[in-house]
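Participant: Okay, here's the structure, questions in a sec.
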Amino acid sequence: MEVWRLLTPAPTQYIFTKDYQNNHMGLFNILMEATKKNYMMMNSMDTAQNGLVGGHAYSIQGAYELKDSRGNVLHRLVRIMNPHGTDKDYTGAWRDNDPAWTADFKKQVPWSNADDGIFFMSLKDYVTTMEGFSVNYENPGW
């Protein structure tokens, strides 16, 4: 977060996931709004989990809903990127080779089966894994 203050004059907010333990949708709405407005977002986590490194920052690439053929939301996911360029260490649900990925789900998000540093995490896992995240509210008017 401090880096963004140096690089951009836009306001930045840090959001603790623990504040949303009982309100996952409130947190997801923040992520969705920031995704729609193309705001920069970054995660932080203290403890290593599911192959992710504790004390390491990961960028948030977006928040997505997976729907069935009638438009009902089945899953809410957060797309995360390891800036070191690898995602093969992530062992949690919705990793690239997770069998939960159907052909239809893959079409609904920017999915790829590549060691490109990008992976998805369920909203529930996100809230319990990440300590929090920063949103940088930069827009063309700043």
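Participant: Of the residues Leu6, Leu31, Leu27, which is free of Cβ contacts under 8 Å to residues at least 24 places away in the same chain, more than 23 Å from Asp115 (Cα to Cα), outside any loop (DSSP other than H, G, I, E, B) and of a type outside the set (Ser, Thr, Tyr)?
Facilitator: Leu6
Participant: For segment 120-140, which positions are aromatic (Phe, Trp, Tyr) and within 13 Å of His24 (Cβ to Cβ)?
Facilitator: Residue satisfying the conditions is Tyr126 alone.
Participant: Report yes if some residue within segment 32-44 is over 24 Å from Leu7 (Cβ atoms) and buried (at least 19 other Cβ atoms within 10 Å of the Cβ); otherwise report no.
Facilitator: Pass one, segment 32-44, residues over 24 Å from Leu7 (Cβ atoms): 32.
The next check asks that each one be buried (at least 19 other Cβ atoms within 10 Å of the Cβ); those that pass are none.
No: zero hits.
Participant: So if I check each of Ala114, Ala100, which one is among the small types (Gly, Ala, Ser), surrounded by fewer than 19 Cβ atoms within 10 Å (Cβ to Cβ) and under 27 Å from Asn23 (Cβ atoms)? Steps first, answer last, please.
Facilitator: Values: Ala114 fails: under 27 Å from Asn23 (Cβ atoms).
Testing whether each residue is among the small types (Gly, Ala, Ser), surrounded by fewer than 19 Cβ atoms within 10 Å (Cβ to Cβ) and under 27 Å from Asn23 (Cβ atoms) leaves just Ala100.
Participant: Within segment 74-90, track down each residue that is within 10 Å of Met121 (Cα to Cα) and in a loop (DSSP other than H, G, I, E, B).
Facilitator: Once the filter is applied, which keeps residues that are within 10 Å of Met121 (Cα to Cα) and in a loop (DSSP other than H, G, I, E, B), segment 74-90 yields only Tyr90.
Only the coordinates and a few stated rules stand behind these numbers; no lab work does. For clarity, every value in this text was computed on a predicted model and none was experimentally measured. We place every Cβ from the backbone using ideal geometry, glycine too, and count neighbours over all the protein chains shown.
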